[in-house]
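Comments concern the structure below.
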Ligand code: PMP
């Protein structure tokens with residue numbers, strides 16, 4: 001039989017939320033709006049040259065991102081989605097016997113990417129109120145810890161890490177450990193005391209911030225995300241990147257999206273308002289939900305997860321269920337959200 005790495009054959013596959021006919025798809029934290037006209041226009045223009053390889057250095061978009069955040073272009077590394085940049089970070093930092101820590105539950109890809117790299121995932125349970133347990137994470141750091149992911153707002157619970165919590169955490173994390181602040185959902189976070197990853201990036205040599213164009217910018221289908229990282233680390237990310245990983249269409253669309261941030265902000269505002277409406281609707285129906293600062297809400301359905309998910313599906317709502325734990329439901333358009341709330345009518349609140 002052909003040899004394959006045991007660690008790979010043992011891996012669970014990353015599962016994508018699948019749509020079903022006539023259902024609303026609220027399973028992937030996608031932006032419910034259609035792409036902006038200005039973005040579609042540049043993608044059309046670029047389509048004329050798809051017979052050519054993209055600019056591997058992603059020069060223009062890197063310059064644009066650097067200007068946006070007032071950092072140096074050499075501190076930006078792009079990838080085909082921030083999930084790819086997360087993989088690059090792990091590959092560049094951790095190998096066999098090394099440990100990569102993250103809160104759990106958090107983004108499902110973390111443990112998979114760590115195992116693919118041959119390193120050891122160290123999941124640290126969230127607190128009882130679904131937040132990062134930074135004290136427990138500190139206590140779990142060993143001399144083999146190479147990287148710690150801090151996801152804020154956390155997927156799927158929607159809880160944030162505060163500025164003060166991060167300050168205290170970073171004061172005590174050894175400087176040899178890289179702390180990756182995954183801000184995939186930061187645009188939806190309007191809490192006053194939230195961590196601003198860039199602020200810590202500017203002050204600490206071991207902090208990387210991860211951003212994506214998939215969520216607030218609505219480019220999930222084009223695949224582009226980036227790290228803002230200390231120069232040496234950003235250079236290593238480029239070394240481990242798959243050549244030509246970020247398409248010319250994605251690069252152009254990202255620039256057009258940064259040019260349209262005001263227009264996108266209006267959409268973000270609507271999604272935030274809808275999130276408040278959905279949370280209120282859930283509470284009216286007896287659900288005890290924590291505030292979420294992402295573009296999704298988290299139902300702690302525990303043992304009834306599969307049952308509640310089944311009811312949602314029967315009512316034409318596809319969400320992301322984590323068996324035995326909870327269900328994450330993306331904030332969609334007002335109509336989609338109505339459909340979700342109506343689907344829960346008559347369902348006894350699980351917790
Ligand atoms: N980080 C988090 C926390 C996420 O939830 C996701 C997507 N679900 C990503 C990163 C990756 O997104 P993308 O690869 O589309 O940029």
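Just so it is clear, none of the values below were taken in a lab; they were calculated from the coordinates. Because the structure is a prediction, the values reported are computed rather than measured. Here Cβ is always computed from backbone atoms with ideal geometry, including for glycine, and neighbour counts include all displayed protein chains.
List of remarks:
- Comparing mean-square fluctuations of 92, 140, 216 from a GNM of the chain with C-alpha springs under 10 Å, the top value falls on 140.
- Gaussian network model of the chain, Cα within-10 Å springs - most flexible of 254, 321, 184: 321
- Each stretch of four or more DSSP H residues adds -39500 (n - 2.57); spread over every residue of the chain, this sum gives -11500 deg cm²/dmol at 222 nm.
- Taking 1.002 mPa s as the viscosity and 20 °C as the temperature, the Stokes-Einstein diffusion coefficient of region 268-333 based on its alpha-carbon Kirkwood radius rounds to 177 µm²/s.
- Build a GNM of the chain with springs between Cα atoms under 10 Å apart, and of 117, 86, 191 the one that fluctuates most is 191.
- Isotropically averaged projected area of region 132-262, using the convex hull of Cα atoms (one quarter of hull area), nm²: 9.0 nm²
- Shape class for region 61-215, computed from the alpha carbon gyration tensor (a ≥ b ≥ c): rounded, with a/c under 1.5.
- Our summary gives the chain a relative contact order of 23 percent, counting only alpha carbon pairs under 8 angstrom and 6 or more residues apart.
- In region 195-351, one over the average inverse separation of all distinct C-alpha pairs is 18.2 Å, which is the Kirkwood hydrodynamic radius.
- Shape of region 73-165, Cα gyration tensor, a/c cut at 1.5: oblate
- Convex hull volume per residue for region 1-82, taking Cα atoms only, in Å³: 256 Å³
- Cα Rg over Rh - the chain, Kirkwood: 0.96
- Listed by Cβ neighbour count within 10 Å, with the fewest neighbours leading, 183, 171, 192 appear as 192, 171, 183.
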